[in-house]
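Colleague: This is the structure I want to talk about, given as structure tokens.
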């Protein structure tokens, strides 16, 4: 299956590498407006791929079955729309589009043409996140109490989106994945606009029917953090993506038991801390981006919608839009 990559800037080289490594796909063409970037790509892929500065030219090529879009978010809508109208399946980087209305229009267009849209909510395809979902499905964690996510770094500051749209989108897609698409009934965000027209630091609070979530996103932190805490009534899990691959996921058999009954002394009532084992499960090392691209290829082959398709992306975008409104109120 031939696929073209549109955008070879910050993230495009990673997408190209993983497409090239996938036996189901052939990296047919790499496209970027800047010739210097194409020269870099040519040094890697030589004549195994073709090179183009105008993405509209490759869309008219019948040899290309799908495109991967790795350009600025503000350009997603037009590029994806042109690709769908040309009959191409689309892999697109997160966030899907700048607005919910744009996402809904593209979703309807893809459905009318029988085409696949796969949004690269990459963390859904991380083996540790998939393990956490398995634990939830197996009721190993019990009822969810809260989810806390921290995604911070010094840079890369982007002018067309906020840190929340760029970073929290990862954690929102994780929460959506772990909760089977549950939607919050309360959304509140605060942020600071520093060095950028949009917020470089945000705190997002969400209330769901059964649990709460807190997401911290920052481009102006001295530390690089990629941490997720998922607390249940039975067990709690910490995913630290900055640790070595064999130590990223830690499961704590810790929790709180409520003591009740007529024979319980008042001072013993309320709660009792429960502390059990701590263990690090074996997680096979996998590349989340490769898994994401492989899932996209499998969806095209089977005709089944992507697990991170436009419907999920719209749920995430709705949260981001509402959060923006509360932040700017």
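Colleague: Restricting attention to the alpha-carbon atoms of the chain, what are Rg (one decimal) and Dmax (integer), both in Å?
Modeller: Spelled out, the Cα radius of gyration and Dmax of the chain are 21.6, 80 Å.
Colleague: Place a point 7 Å from Cα of residue 286 in the direction of its Cβ. Which residues in the stretch 130-160 have their backbone N less than 17 Å from it?
Modeller: Under cut-off, by backbone N: 130-138.
Colleague: Something else about it: I want to verify a result. In a Gaussian network model of the chain, Cα cutoff 10 Å, which of these has the top mean-square fluctuation: 296, 96, 239?
Modeller: 239
Colleague: Relative contact order of the stretch 1-153, please, whole-number percent, based on alpha carbon pairs below 8 angstrom and at least 6 residues apart.
Modeller: Value for the stretch 1-153: 18 percent.
Colleague: Still on this structure: Taking the simple approach of a point 7 Å from Cα along Cα-to-Cβ for both residue 247 and residue 214, what is their distance in nm?
Modeller: Once both label points are built, they end up 2.6 nm from each other.
Colleague: Now a separate question. Say a paramagnetic label sat at a point 7 Å from the Cα of residue 311, along Cα to Cβ; which residues of the stretch 178-194 have their backbone N under 19 Å from it?
Modeller: Answer for the stretch 178-194: 178-184.
Colleague: Between the stretch 18-60 and the stretch 307-323, what is the separation of their alpha carbon centroids in Å?
Modeller: If we compute the Cα centre of each part, the gap is 30 Å.
Colleague: Considering Cα pairs under 8 angstrom that are at least six residues apart, work out the relative contact order of the stretch 7-93 and quote it in whole percent.
Modeller: Relative contact order, the stretch 7-93: 27 percent.
Colleague: So what is the relative contact order of the chain, in percent, for Cα pairs below 8 Å that sit 6 or more residues apart?
Modeller: About 18 percent, as a whole number.
Colleague: Where does helix 100-113 land angle-wise versus the long Cα axis of the chain, in degrees 0 to 90, nearest 10?
Modeller: 60
Colleague: Given just the C-alpha atoms of the stretch 54-201, how large is their convex hull per residue in cubic angstrom?
Modeller: 153
Colleague: Could you check the simple spin-label distance between residue 298 and residue 143, using points 7 Å along Cα→Cβ, in nm with one decimal?
Modeller: 3.4
Colleague: Does anyone have the angle between helix 127-137 and the longest principal axis of the chain? Alpha-carbon axes, 0 to 90°, nearest 10?
Modeller: The angle comes out at about 50 degrees.
Colleague: Does the stretch 143-237 classify as rounded, prolate or oblate by the C-alpha gyration tensor (a ≥ b ≥ c root eigenvalues; a/c under 1.5 gives rounded; else a/b over b/c gives prolate, otherwise oblate)?
Modeller: Verdict is prolate for the stretch 143-237.
Colleague: Can you tell me the 0 to 90 degree angle between the C-alpha axis of helix 310-327 and the longest principal axis of the chain, rounded to 10?
Modeller: Between the helix axis and the principal axis of the chain, the angle is about 70 degrees.
Colleague: Of 306, 112, 292, which is the most mobile in a GNM of the chain whose springs link Cα atoms less than 10 angstrom apart?
Modeller: Per the Cα network of the chain with a 10 Å cutoff, 112 tops the list.
We did not get these values from a lab; they are worked out from the coordinates using the rules stated. Here the structure is a predicted model, which means the values were calculated and not measured. Counting neighbours? That spans all protein chains shown, and the Cβs are built from the backbone with ideal geometry, glycine included.
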